[in-house]
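> My structure is below; once you've seen it, I'll send some questions.
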Amino acid sequence: MKSAGTQSFIWSFIPLAGIPVFILLYITAAAFYPGGHPGDVHAAGFSWQHNYWCNLLNEQAINGETNKGRPVAFAGMIVLCISLAAFWFYYPVKQIIAVKTQWLIRISGVLAMLAALFITVFDHDAVTNTASLLGLIAVTGTLVILYKTKQTCLFRLGLFNLLLVGLNNLFYYTPSLLHYLPLVQKISFASVLCWIWLIAFRDRKPV
C-alpha cells in the first residue's frame, strides 16, 4: 500500500510537469499564429502585448488566415486543464479541513477546468464566468489551507493573485482600459500558474 507521501508526490507530479509543458505549447502555438490582434487586423504574428490566449484557440486568426497554431494551443489547453484538475483533486485532502470542504474544493476545481475546455464551443463570456466562479471557490479553499498550515508566503501570493483577478475585471469592464487587458491577463495567468506550481512543489511531502 502506498504511503500518503508517495500518493502526494504522484498527484503533485501532474501539475509540476503539466504547467511547464503548457507554457512550452503556448509559446509554440504563438509562433504559428499568422497575425492580427484587436487593435490591428494586419499585424504580423502573435503580439504578446495585444493578443489574447483565446486568439490562439480560434480556427481563424484575426487577419483572416487559417490559424496553424490552433492544434498546438488546444493541446496546451487540455494539458493545462488536466494539470489543474489533478491539483485541485488531490491538494484539498488535508486533515485540517472538513471532508465536506475538501469535496467542495475538489468538485469546484475540477468543474472549473471542465468548463474551461468549452471556451471556444459555447458562449465565451458565459463559459469564462462559469469557470471563473468555480475557480474562485477552489482558490479560496486553497487559501484557507495555506493559512491554516501557516504557509505565509504562498498565502500572500494567493491574495496578490486575487488582486490581479480583480484588476482583470476592472480592465474588462472599463472601455478606456480594455486596450491593456491582454497584457494584464498574461501577467495574471503567469502569476497564478507560478503560485499553483509552487504549492504543488511544496506539497510533494505531507505538510
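The values are calculated or read from the model by the stated rules, or taken from the named source; none is laboratory data. Keep in mind that this is a model prediction, so the values were computed, not measured. Note that each Cβ is placed from the backbone with ideal geometry, even for glycine, and that neighbours are counted across all protein chains shown. We work out accessible area using only protein heavy atoms, side chains counted, and drop any ligands, DNA or RNA first. Shrake-Rupley method; radii C 1.70, N 1.55, O 1.52, S 1.80 Å.
> Within the stretch 106-120, can one find any residue that is over 20 Å from Leu56 (Cα atoms), touching a Pro at 6+ places or on another chain (Cβ under 9 Å) and not charged (D, E, K, R)?
yes
> Right, next: Inspect the stretch 51-59 for any residue being in contact (Cβ under 8 Å) with a residue 24 or more places away in the chain and more than 27 Å from Leu177 (Cα to Cα) and give the result as yes or no.
No; the residues of the stretch 51-59 include none that is in contact (Cβ under 8 Å) with a residue 24 or more places away in the chain and more than 27 Å from Leu177 (Cα to Cα).
> Would you call Tyr90 among the hydroxyl-bearing types (Ser, Thr, Tyr), out of contact with any Gly (no Cβ under 8 Å at 6 or more places or on another chain) and buried (at least 17 other Cβ atoms within 10 Å of the Cβ)?
yes
> Among the listed residues Gly36, Gly76, Gly69, Gly18, which satisfies the condition of being on the phi > 0 side of the Ramachandran plot, among the small types (Gly, Ala, Ser) and either surrounded by 21 or more Cβ atoms within 10 Å (Cβ to Cβ) or at pLDDT 90 or above (or both)?
Answer to the selection: Gly36.
> Now, a different point. For the stretch 60-70, name all the residues that are farther than 22 Å from His179 by Cβ and polar (S, T, N, Q).
Gln60, Thr66, Asn67
> Ok, one more. I need the helices (runs of 4 or more DSSP H) fully contained in the stretch 100-207, keeping only those with at least 1 residues that are open to solvent by 30 Å² or more (accessible area, probe 1.4 Å), farther than 20 Å from Leu80 by Cα and modelled with pLDDT under 95.
Answer list for the stretch 100-207: 124-148, 152-172.
> Residues being touching a strand residue (DSSP E or B) at 6+ places or on another chain (Cβ under 7 Å) and open to solvent by 50 Å² or more (accessible area, probe 1.4 Å): count how many of those fall in the stretch 43-58.
So the answer is 1.
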